[in-house]
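The values are calculated or read from the model by the stated rules, or taken from the named source; none is laboratory data. Note that this is a predicted model, so its numbers are computed, not measured. Because the Cβ atoms are built from the backbone with ideal geometry, glycine has one as well, and the counts that use them run over all protein chains shown. Surface areas here come from the heavy atoms of the whole protein model, side chains and all, with no ligands, DNA or RNA. Shrake-Rupley method; radii C 1.70, N 1.55, O 1.52, S 1.80 Å.
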Amino acid sequence: MNKTVSHSVLATTGDSVDMPELAERLKNTSVSVIKEMMYLGALEQNNGKDVISLGVGLPFYPAPDFIHQHAINVLKNKKDIDKYTLLTGLPELRKIVATLSQNLLGIETSPDDILITPGSMAGLFYSMLTLVNPADEVILPSPYFSSNGEQVSIAGGKPIPVPMIEDKKMGYRLDIDKIRKAISNKTKAIILNNPQNPTGAVFLEEDLRKLADILSATKIYVITDEVYDFLVYDDYSYFNIATIKKLWPRVIRCCSLSKKYGMMGWRIGYLHTNKKLLMNILKIHDANIVCAPHISQEAAIAALTGPQDVVKDHKKWLKQNRDLICERLERLADLFSYIKPRGTYYVFPRFNLPIKSIEFAKKLLYEAGVVTIPGVGFGPDGEYHLRLSFGSSPDEISKSFDKIETWWKSNKKNLKLWKKN
């Protein structure tokens, strides 16, 4: 009988049922808390409740028109658009990605090092299924993106959360000494999501170089999740650890067009590693999906070769949202404390209540009508935090906080009556 893991929201609502004779790999996994909270929010809306979301990482802007127009033209004029592409993806797209990667990293890159994937999530999961054996350990700077931990567990491995340094002045930082101590003879990989979901951290170059010095003396793989590489604020610099040549060929880069170009629903990204390793990753890709969607690959060509000013606009709009949500958090200083995010469109405030994060997220949903994500879903170091997305429109952010402020004014007088879990 599979036991429900402790960080599942649905397990606390009665909507999760144990089933006999399921695969062992599911014992320590659950659906992402992000998806669980969105599901519960949708149920409330279906019941006629006024619900606004600060939950899912969904930017409010659509893909630019030139991408849509290219897709329309392809649908009308390309005779084989309904067919599979090559397993690895369209040659034109792989060549474009290889050139961009080589220019970015300063490392010689061939189209044969590139796999076009249905989003970066696929690349991350392929990496786990390719590398991880039962009992292998994967280090995750913690709090970590929730699905990373689930992917490690499904692959049969053991996630090893390593707490980050929660520094008010410098932001969340990698704790290099703790990572060094966490490395064992079972360590297979480390996943670096930078800029980081859920904390909004942008890892410092000096910390990443120290980490690279440690890892270069091992056989540990470095898996980079680069979804938010374009989204850094306030003149902070983004440093990609994959530029450090001594870490290769044990680097796997997982990249996405979703947030950068507003292409979330197109499900398109790419994986970059060395050709020899890629040939083994292809075994997973082929068994899973055969190829990324043909039309989405065409849209990716348009995105990567079209006008890039749109990316600057996306960054500008999200910075305005970042400043707005920080301002609203300041108005609730007796409820929240937070570290100002340097990147992404997430903030990870700590709340000042004697309850756990799942209970608090459910209170905000059912009593205030606001979807938030409980921090415990991002690892044990996320407890007593919430993840809030500021990818929504400014109006939705303001309405969400109006609801939270109203709820807090009505409830803080009863704080002493709440029991600590």
**Item:** Phi-based couplings in Hz for region 142-147 (Karplus 6.51, -1.76, 1.60; Gly and Pro marked x)
**Value:** 10, x, 10, 4, 4, 5
**Complete:** Taking a ≥ b ≥ c as the square roots of the eigenvalues of the Cα gyration tensor, with a/c under 1.5 meaning rounded and otherwise prolate when a/b exceeds b/c and oblate if not, region 40-149 is oblate
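Report the charge-dipole magnitude of the chain in Debye, nearest 20, computed about the Cα centre from +1 at each Lys and Arg Cβ and -1 at each Asp and Glu Cβ.
Using only the charged Cβ atoms, the result is roughly 620 debye.
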**Complete:** From DSSP H assignment alone, runs of 4+ in the chain each adding -39500 (n - 2.57), the sum over residues rounded to the nearest 500 puts [θ] at 222 nm at -11500 deg cm²/dmol
**In nm, spacing of pseudo-spin labels at residue 405 and residue 26 (7 Å Cα→C-beta vector)** = 4.5
**Complete:** With all protein chains present, region 289-380 has a carbon and sulfur share of its accessible area (1.4 Å probe) in percent of 52
**Prompt:** Between residue 205 and residue 84, what is the spin-label point distance in nm, taking each point 7 Å from the Cα along the Cα→C-beta axis?
**Reply:** 4.5
**Prompt:** With r defined as the distance between the Cβ atoms of residue 413 and residue 324 and R0 fixed at 30 Å, what FRET efficiency is calculated, to the nearest 0.05?
**Reply:** 0.60
**Complete:** Beyond 18 Å (Cα-Cα) in this structure, taken from 169/340; 95/315; 219/276; 245/275; 35/403; 356/409, we find 95/315; 35/403; 356/409
**Asked** With θ set to phi - 60° and the Karplus curve 6.51 cos²θ - 1.76 cosθ + 1.60, what are the ³J(HN,Hα) couplings of region 382-397 in order, to the nearest whole Hz, using x for Gly and Pro?
**Response** x, 4, 6, 10, 10, 9, 10, 8, 10, x, 5, 5, x, 4, 5, 4
**Request:** Choose one of 263, 58, 337: the residue whose Cα lies farthest towards the positive end of the charge dipole of the chain (beta-carbon charges +1 Lys, Arg; -1 Asp, Glu; about the Cα centre).
**Result:** 337
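What is the calculated FRET efficiency for residue 352 to residue 177, with r their C-beta to C-beta distance and R₀ = 51 Å, to the nearest 0.05? Write down the numbers at each step before the final one.
On the way: r = 29 Å, r/R0 = 0.58.
It comes out at approximately 0.95.
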**Fill in**
Counting only DSSP beta bridges fully inside the chain, the antiparallel percentage to nearest 5 is 50
**Prompt:** Of the heavy-atom accessible surface of region 107-209 (probe 1.4 angstrom), what whole percent is carbon and sulfur?
**Reply:** 50
**Asked** Any idea how far the Cα center of region 25-77 sits from the one of region 183-239, in Å?
**Response** 27
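Would you rank 264, 37, 279, 170 by solvent-accessible area, highest first, keeping every protein chain in place and using a 1.4 Å probe? Don't jump to the answer; show the numbers that get you there.
Numbers: 264 35, 37 0, 279 105, 170 60 Å².
Result, largest first: 279, 170, 264, 37.
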**Fill in**
With 0.36 nm assigned to each residue of separation and the Cα-Cα distance removed, residue 92 to residue 167 gains 22.6 nm
**Asked** Where the eigenvalues come from the Cα gyration tensor of the chain, what are the semi-axes √(5λ) of the equivalent ellipsoid, largest first, in whole Å?
**Response** 34, 26, 22
**Message:** Could you check the spin-label model distance between residue 58 and residue 282? Points 7 Å from the Cα along Cα→Cβ, value in nm.
**Reply:** 3.6
**Complete:** Length gained, residue 235-residue 66, 0.36 nm per residue minus C-alpha separation, equals 58.0 nm
**Spin-label proximity, residue 289 to region 120-163 - amide N less than 15 Å from point 7 Å beyond Cα toward beta carbon** = 120-129
**Request:** Just check region 339-390 against the gyration tensor rule for me: Cα atoms, a ≥ b ≥ c as the square roots of the eigenvalues, rounded for a/c under 1.5, and otherwise prolate or oblate depending on whether a/b exceeds b/c.
**Result:** oblate
**Fill in**
The long-range amide H neighbours of residue 373, using H built 1.01 Å from N in the peptide plane and a cut-off of under 5 Å, are 387
**Å² per residue, accessible surface of the chain at 1.4 Å** = 44
**Request:** Taking H placed 1.01 Å from N in the peptide plane, check which residues at least 5 places from residue 160 or on another chain put their amide H under 5 Å from its amide H.
**Result:** 138, 139, 140
**Prompt:** Hey, what angle do you get for helix 205-215 against the long axis of the chain, alpha-carbon based, 0 to 90 degrees rounded to 10?
**Reply:** 70
**Asked** Rounded if a/c is under 1.5, else prolate if a/b beats b/c, else oblate: with a ≥ b ≥ c from the C-alpha gyration tensor eigenvalues square-rooted, which is region 191-285?
**Response** oblate
